[in-house]
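Inspection log for the structure reproduced underneath, given as structure tokens.
The values are calculated or read from the model by the stated rules, or taken from the named source; none is laboratory data. Here the structure is a predicted model, which means the values were calculated and not measured. Cβ: placed from backbone, ideal geometry, glycine included. Neighbour counts: every protein chain shown. Keep in mind that these areas ignore ligands, DNA and RNA; they rest on the heavy atoms of the full protein, side chains included. Shrake-Rupley method; radii C 1.70, N 1.55, O 1.52, S 1.80 Å.
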Amino acid sequence: MRAIWKGAVSFGLVSIAVKLYSATEEKDIRFHQVHREDGGRIRYKRTCSVCGEEVTYDDIAKGYDIGGGEMVILTDEDFAELPLTTSHAIDVLEFVPAEQVDPILYNKAYFLEPDGAATKPYVLLRDALTDSERVAIVKVALRQREQLATLRVREGVLLLNTMLWPDEVRTPDFGFLDEDLKVRPPELAMASSLIDSMAGDFEPDAFTDDYRAALQEVIDAKVEGREVVQPEEVEEAPAAAVDLMAALKASVERARAARGEEPARGGGAEPTPISSARSAQKAAAQKKAAKAPAKKTAEKKAAPKKAAAKKSAAKKTTEAEKKAAPKKTAAKKTARKTA
């Protein structure tokens, strides 16, 4: 990393020399604007709208538009006379609990490294912040602008978080805030249950930028001259129109299934017409499925009995015919003699 700023942290009468480094970096894939026909880079020139001449950076000043086509021009001398704190000091103003700082105020993050012989006081401030469980509120001038910031400890290093000023945070002004919307207790209970079923510990490494990975794959394929194979997108069927309670209940069941948990049984949220109908359909299907195997089993058990009965009946008929045969023969003989 390359230091972008050098200065000192003023901690009471203690001064700690430090170097400032950007703590974050964007991983977006950047592109140049090029001519579609030949790939040539597109260049932009700084030209004056009045005289049309190209202007160098040394001839550029800052202008403030006051309306009506008038412009107030400010020079470097004008900025030098402003009551700006020294550009090489981080003044500690107070120490506050970290939870009192609204995260919306955080802007950019920077690592602080001790410079030269400042390691001992640097470590002292770091350990004192850790023991106090507080963050330091500081003022610092970066890029010709005074900024509010916090100092806290992250992985054994002092981290400077610049912050927005309170008047830079917008006040939400939306119509629904004035509406009198009532949330039913069962709905709130089911929403809380959904939150509980999806609760976990935040692990940043578990999340990835799928779009950037796919875009990098397209670029690599172009470089290697191979065909780009786009992954097939699974289109989800449009969800049926259900009421809020049914949607919440279905979401809870899906979250539990994803975790391998058994679906909730018994009490809980009150059933809705849709959920009741679905439950009835499911129960009917299960009942029908249970009856079908039972019927087949009964038929299988009855089949041997029927076969045995038929066999027994056939046997009895044969024996009866055998017994009747001598009687028929004797009757025939008697009939012949009489004749």
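Descriptive notes on the structure:
- Over 23 Å between alpha carbons, listed pairs 27/222; 6/120; 27/108; 19/108; 62/108: 62/108
- Extension gain, residue 223 to residue 2: 0.36 nm times the residue separation minus the Cα-Cα distance gives 76.5 nm.
- When the alpha carbon coordinates of the range 98-149 are projected onto the principal axes, the ranges are 33, 29, 14 Å, largest first.
- For the range 115-198, the list of GluC sites (Glu not before Pro) that fall in a loop by DSSP and count at most 12 other C-beta atoms within 10 angstrom reads 133, 155, 179.
- Cut-off under 5 Å, modelled amide H: who pairs with residue 90 long-range: 8, 9, 10
- Calculated FRET efficiency for the pair residue 14/residue 59, C-beta based, R₀ 51 Å, to 0.05: 0.70
- Couplings for the range 107-119, taken from phi via the Karplus curve 6.51 cos²θ - 1.76 cosθ + 1.60 with θ = phi - 60°, read 10, 10, 10, 9, 8, 10, 10, x, 10, x, 8, 8, 5 Hz in order; Gly and Pro are left as x.
- Stretching residue 22 away from residue 42 to a fully extended chain increases their span by 4.2 nm, per 0.36 nm per residue minus the current alpha-carbon distance.
- Overall, the accessible surface of the range 41-180 at a probe of 1.4 angstrom is composed of carbon and sulfur to the extent of 51 percent.
- Distance between the 7 Å Cα→Cβ label points at residue 213 and residue 173: 4.3 nm.
- In nm, spacing of pseudo-spin labels at residue 50 and residue 127 (7 Å Cα→C-beta vector): 6.2
- Probe 1.4 Å, protein heavy atoms only - accessible area per residue of the range 1-129 in square angstrom: 79
- Using the Cβ of residue 146 as centre and a radius below 12 Å, the other residues enclosed give a net charge of +2, where K and R count +1 and D and E count -1.
- Placing unit charges on each Cβ (+1 for Lys and Arg, -1 for Asp and Glu) gives the range 1-61 a dipole about its Cα centre, and among 51, 13, 31 the Cα reaching farthest toward its positive end belongs to 13.
- By average C-beta atoms within 10 angstrom, highest first, the peptides 194-204, 96-106: 96-106, 194-204
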